[in-house]
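Undergrad: Before we start, here is the structure in question, set down as structure tokens.
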Amino acid sequence: MPVIATRGATVSYGGRAVVRGVDLAVEAGESVALMGANGSGKSTLVKAIVGLVPAAGGDIELFGTAQRRFRDWKRVGYVPQRTGAASGVPATAAEVVGQGRLAHRFLGMPARRGDREAVRRSLEEVGLAEHARCAVDTLSGGQQQRVLIARALATDPDVLIMDEPTVGVDAETQTALAEVVAARLDAGCAVLLVTHEIGPLTDRLDRAVVLADGRVVHDGEPPRPVGEHADPRHQHMHPHPSPDSVPEPDGTAPRLDFGRSSGTSEADLWGGE
């Protein structure tokens, strides 16, 4: 049974379809990158999966339950795009991470020892144990992103959904993210990662699902770095040469290669503005 399943999922803004009939399945313990150009519908799709925006059509299920009836949200860890971890409210890193424990206790009940331990463990996992009492608005952008990741980890999820977690963050945060994802996958957690570039996560991804204009145009092998860029610290992904590869007008190779079986061009994968 997939931990996430969408069938014909459609999401509209102002009468315009942004996500168009998307079929997606993420199995337990699987790691999937959701990729595509800006405006392709990646973030909108994950927001629909976690219930932040309504679906206009199709079906969305979490752990075999229709999303509209799903209540066991402690099984889902969600990391939104970083817009400020404190959201304008003065709070420490530990207080923000503690929000991830709310689904584990009855409304209004104080934090228990297990909740405090989960907060401590999650901050330690992202390398911020010494910043637990720091006001979030005093932290760097990368540290704020790690606070949001720790908040998702604190719920002890069975699936971790992250929306562009590496955008605009430092190398230390990218490394911390890769370590977190690897550890969670080793523990059997599924991961759905919205991203433009895979970077240090390359070796831990099972599949890439690429959207263009709100539709799935590729579901299969993730892009592969080659040559000097096989170093996992290098963030920009280049193609593995294939017999079908067609040079760009300037003579360089296409940016990504998903293998000969996809039948999908670079323009299809990344779309246009």
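None of the figures in this text is laboratory data; all of them are computed from the coordinates on show. This structure is a prediction, so every number in the text was calculated from the model and none was measured. Heads up, the Cβs are rebuilt from the backbone with ideal geometry, glycines too, and the neighbour counts pull from every protein chain shown.
Undergrad: Kirkwood Rh over Cα pairs of the range 15-99 into Stokes-Einstein at 10 °C, 1.306 mPa s: D in µm²/s? The partial results should precede the final answer.
TA: Numbers: Rh = 15.2 Å.
The calculation lands on 105 µm²/s.
Undergrad: Then there's this: Rank these for me by crowding, 47, 42, going from fewest to most other beta carbons within 10 Å.
TA: Going from sparsest to densest Cβ surroundings: 47, 42.
Undergrad: What does the charge add up to near residue 27, with Lys and Arg as +1, Asp and Glu as -1, over the other residues with Cβ less than 11 Å from its Cβ?
TA: Surrounding charge for residue 27 is -1.
Undergrad: Could I ask something else about it? Per residue of the range 193-204, what does 6.51 cos²θ - 1.76 cosθ + 1.60 with θ = phi - 60° give for ³J(HN,Hα)? Whole Hz please, x for Gly and Pro, Karplus curve as stated.
TA: Coupling constants for the range 193-204: 10, 7, 7, 8, 9, 8, x, x, 8, 3, 6, 9 Hz.
Undergrad: Follow-up. Quick one: if you stick a label point 7 Å off each Cα along the C-beta vector at residue 68 and residue 117, how many nm between them?
TA: Output for this residue pair reads 4.0 nm.
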